[in-house]
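The values are calculated or read from the model by the stated rules, or taken from the named source; none is laboratory data. Just so it is clear, the structure is predicted and the values come from calculations on it, not from any experiment. Methodologically, a virtual Cβ is constructed for each residue, glycine included, from the backbone with ideal geometry; neighbour enumeration extends over all protein chains shown. For accessibility, only protein heavy atoms count, side chains too; no ligands or nucleic acids. Shrake-Rupley method; radii C 1.70, N 1.55, O 1.52, S 1.80 Å.
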Amino acid sequence: MNFTLSEEQMMIRDAARDFAQNELKPGVIERDSAQSYPTEQVKAMGELGFLGVNVAEEYGGVGLDAVSYVLIMEELSKVDNSCSVIVSAHNSLCLWGIEKYGTEEQKQKYLPRLASGELIGAFCLSEPEAGSDATSQRTIAEDKGDHYLVNGTKNWITNGKKAGVYIVIAQTDPEKKHRGINALIVEAAWEGVSTGVKEDKLGIRSSDTSSVMFQDVKVPKENRIGADGFGFKLAMKTLDGGRIGIAAQALGIAAGAYELALAYSHERKAFGKAINQHQAIAFKLADMALKVETARMLVYRAAWMKDQGLDYAQAAAMAKVYASEAAMWISVEAVQVHGGYGFVQEYHVERLMRDAKITQIYEGTSEIQRIVISRNIIKNDMTYLPWGE
Ligand code: CAA
């Protein structure tokens, strides 16, 4: 068993850390307050390769492994979760599906511009009345021979207004239920595509979340990903990987809040000594460190399993549910360690606490992750959890 990162992985982690601390941290509070989209930062992330992390070099990406991807997500998320969710939705939810299941033509046409950041990608699954219950799609992709006619509304779409390309999940044959669902590549510029207002959110406030509407949008058949009826499976497989990205985001929030609390606990004095010399604070720090390390093991392991070509659906669900709950708990306690200072923007922990909440909700709530885990352990009668099998 080997718990060390490779030289290359450490270099990537350090580059992401430098970028986050030097380029994202200045201005993150102001962007969050004003809900202003991080245009310059997204451009810089494109130049660094963060918008084509796992895409093969022949399609314009940097071709890194899943472990490197989670290292990047972790470092960005210690500081700016609006930026990291843009990276996660773009890479995991849009580019991955095109590269894994797209035709050669689709890959040539879309991936280079997406991987460079010239175009931003989004994934349209959730609807006003279909969130956790993802098979209940009301968006229709009517089969018109050489094209689909798409009508419907998608909700809570990360990168909704900024995306140039959407993967849209829509129902073609309702009688077949989830087996009648298709996944289509739709360009934002096409006639009939429009977006709603930017949502005013508790956290990840400068990221762009909106509804996306499709009215009589003509989508050529060659833009369907995979065989007819493969759309729901593609969505589920996409989310398996997306959950590793969000688990890494939650890990970054947890680690970032812990690091801030630890640093503050050395500086702040009370009753004649540093507050970390009081057991009440020291034990909080111990519990934070314990949860960060446990989350890190689950997240890195899920990414490693993906790199090994193993089935990672359950590992991803475990990593997401644990890391997001750790992020929530640690960020609340980090505010507590900071006392009154934790309650104001300047000290960063209140923003991490607000950002933590969404990691328990998007790309499958904690309750959905428990459905995925429980179904798997019961179906396979898992009396032990194997490592790497
Ligand atoms: N991989 C491949 N196939 C899968 C799969 C997986 N991980 N999980 C399920 N499937 C297949 C099943 O095999 C089944 O297919 P067959 O009948 O052909 O065998 C089909 O999908 C339906 O599966 P279920 O019967 O298990 O379906 P269900 O209705 O019980 O739902 C669920 C399963 C896990 C609860 C699923 O609906 C789910 O994951 N829901 C949550 C959706 C979600 O995460 N939404 C977040 C939206 S993305 C987002 O947040 C936006 C953003 O921009 C950040």
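Among the residues in the range 258-274, are any away from the ligand (no atom under 16 Å from the Cβ) and open to solvent by less than 10 Å² (accessible area, probe 1.4 Å)? Taking every residue of the range 258-274 in turn, at least one turns out to be away from the ligand (no atom under 16 Å from the Cβ) and open to solvent by less than 10 Å² (accessible area, probe 1.4 Å). Here residue 50 clears all of (1) within 26 Å of residue 200 (Cβ to Cβ); (2) touching a Leu at 6+ places or on another chain (Cβ under 9 Å) except the condition numbered (1).
No other residue among 325, 363 is more than 16 Å from the ligand (Cβ to nearest atom), in contact with a helix residue (DSSP H, G or I) (Cβ under 7 Å, 6 or more places away or on another chain) and not aliphatic (A, V, I, L, M) apart from 325. Going through (1) open to solvent by 10 Å² or more (accessible area, probe 1.4 Å); (2) within 21 Å of residue 97 (Cα to Cα); (3) within 13 Å of the ligand (Cβ to nearest atom); (4) touching a residue at least 60 places away in the same chain (Cβ under 8 Å) one by one, residue 220 falls short only on (3).
Contact map, the range 226-244: first residue hydroxyl-bearing (Ser, Thr, Tyr), second residue more than 7 Å from the ligand (Cβ to nearest atom), Cβ cut-off under 9 Å, separation 6 or more or different chains; pairs are 238/92; 238/94; 238/96; 238/97; 238/100; 238/167; 238/183. Test residue 250 against the criterion of being among the small types (Gly, Ala, Ser), assigned to a helix (DSSP H, G or I) and closer than 25 Å to residue 287 by Cβ, and give yes or no. Against the criterion (among the small types (Gly, Ala, Ser), assigned to a helix (DSSP H, G or I) and closer than 25 Å to residue 287 by Cβ), residue 250 qualifies.
Considering only residues in the range 160-176 that are assigned to a loop (DSSP other than H, G, I, E, B) and out of contact with any helix residue (DSSP H, G or I) (no Cβ under 9 Å at 6 or more places or on another chain), the one that is least open to solvent (accessible area, probe 1.4 Å) turns out to be 160. Being over 19 Å from residue 295 (Cβ atoms) and touching a Lys or Arg at 6+ places or on another chain (Cβ under 9 Å): is that true of residue 35 here? Against the criterion (over 19 Å from residue 295 (Cβ atoms) and touching a Lys or Arg at 6+ places or on another chain (Cβ under 9 Å)), residue 35 qualifies. Tallying residues that are assigned to a helix (DSSP H, G or I) and closer than 14 Å to residue 236 by Cα within the range 361-372 yields 4.
Of all residues in the range 87-115, those that are within 16 Å of the ligand (Cβ to nearest atom) and of a type in the set (Gly, Ala, Ser) total 4. Identify all residues within the range 48-79 that are over 15 Å from residue 303 (Cα atoms), within 16 Å of the ligand (Cβ to nearest atom) and either touching a Lys or Arg at 6+ places or on another chain (Cβ under 6 Å) or part of a helix (DSSP H, G or I) (or both); write none if there are none. Once the filter is applied, which keeps residues that are over 15 Å from residue 303 (Cα atoms), within 16 Å of the ligand (Cβ to nearest atom) and either touching a Lys or Arg at 6+ places or on another chain (Cβ under 6 Å) or part of a helix (DSSP H, G or I) (or both), the range 48-79 yields 76, 77.
Looking at this structure, is residue 84 within 12 Å of the ligand (Cβ to nearest atom), out of contact with any strand residue (DSSP E or B) (no Cβ under 6 Å at 6 or more places or on another chain) and outside any loop (DSSP other than H, G, I, E, B)? Steps first, please.
On the way: within 12 Å of the ligand (Cβ to nearest atom): yes; out of contact with any strand residue (DSSP E or B) (no Cβ under 6 Å at 6 or more places or on another chain): yes; outside any loop (DSSP other than H, G, I, E, B): yes.
So residue 84 fits the description; yes.
The one condition from (1) over 23 Å from residue 202 (Cα atoms); (2) within 15 Å of the ligand (Cβ to nearest atom) that residue 118 does not meet is (2). Limited to the range 122-133, what total is found for residues that are crowded, with 23+ Cβ neighbours inside 10 Å and more than 6 Å from the ligand (Cβ to nearest atom)? Summing the residues that are crowded, with 23+ Cβ neighbours inside 10 Å and more than 6 Å from the ligand (Cβ to nearest atom) in the range 122-133 gives 2. Looking at the range 373-384, which of the residues that are part of a helix (DSSP H, G or I) and not hydroxyl-bearing (Ser, Thr, Tyr) is nearest to the ligand (Cβ to nearest atom)? Among those residues, the one meeting the criterion is 375.
Per this entry, residue 119 is counted among residues that are open to solvent by less than 60 Å² (accessible area, probe 1.4 Å), in contact with a strand residue (DSSP E or B) (Cβ under 8 Å, 6 or more places away or on another chain) and assigned to a loop (DSSP other than H, G, I, E, B).
Checked against the criteria, residue 185 counts as more than 15 Å from the ligand (Cβ to nearest atom), β-branched (Val, Ile, Thr), in contact with a strand residue (DSSP E or B) (Cβ under 9 Å, 6 or more places away or on another chain) and open to solvent by less than 30 Å² (accessible area, probe 1.4 Å).
Scanning the range 242-257 turns up at least one residue that is within 13 Å of the ligand (Cβ to nearest atom), surrounded by 23 or more Cβ atoms within 10 Å (Cβ to Cβ) and among the β-branched types (Val, Ile, Thr).
Against the test of being closer than 26 Å to residue 301 by Cβ, of a type outside the set (Asp, Glu), at pLDDT 95 or above and surrounded by 17 or more Cβ atoms within 10 Å (Cβ to Cβ), the options 82, 88, 6 yield a single qualifying residue, 88.
Summed over the range 134-159, the residues that are open to solvent by 30 Å² or more (accessible area, probe 1.4 Å), assigned to a loop (DSSP other than H, G, I, E, B) and within 16 Å of the ligand (Cβ to nearest atom) give a count of 3.
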